[in-house]
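Bear in mind that the values in this text are calculations on the coordinates, not laboratory data. What you see is a predicted model; the values in this text were computed from it and never measured. Counting neighbours? That spans all protein chains shown, and the Cβs are built from the backbone with ideal geometry, glycine included.
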Amino acid sequence: MNLLLDTHSFLWWVANDRRLSGNVIREVGSELNTVYLSAASGWEIAIKARLGKLPLPEAPDTFVARMVAHHALTVLPISMRHAVYDFTLPNHHSDPFDRLLVAQAVTEELVLVTNDEKIASYRVATLW
């Protein structure tokens, strides 16, 4: 299975947070699955850290790169196809980062790992 971590799922995964479901722990941890982290999540983390809304143990660029390498994640760049797909999405969610993650999951045929109920309103495969 090809999985795309939502930003909160990534942060909870690297922190070994108890809020992760058993399904997420099993599937993200499985060597049979490829797990992606979107550049959009890196951007969101950087913005939240700069605004003081997300305390990190080190600078966001260092933290994200270290966690991607440590957890053997595959970085998913943002393409023009992903960006313009937003036009086709209904207005279930106003967060541009979440909308971009939905667009990436749909266009790349990935399962989005999230517990965001608004994302479940889209026609996108999710795991929680």
For R123 and D17, what is the calculated FRET efficiency with R₀ set at 25 Å and r taken between the beta-carbons, to the nearest 0.05? 0.35
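Given a Förster radius of 22 Å and the C-beta distance between N91 and L51 as r, what FRET efficiency does 1/(1 + (r/R0)^6) yield to the nearest 0.05? Show your work: numbers first, answer last.
Details: r = 25 Å, r/R0 = 1.13.
Calculated value: 0.35.
The chain: percent of C-alpha pairs farther apart than 22 Å? Spell out each step's value before the answer.
Working: 2572 of 8128 pairs.
Across the chain, Cα pairs with separations above 22 Å total 32 percent.
Within 10 Å of each candidate Cβ there may be at most 16 other Cβ atoms; applying that plus a DSSP loop requirement, which chymotrypsin sites (Phe, Trp or Tyr not before Pro) in the stretch 71-102 survive? Walk me through the numbers before you get to the answer.
Values: sites: Y85, F87, F97; in loops: none.
Here no chymotrypsin sites (Phe, Trp or Tyr not before Pro) fit, given the DSSP loop and packing criteria.
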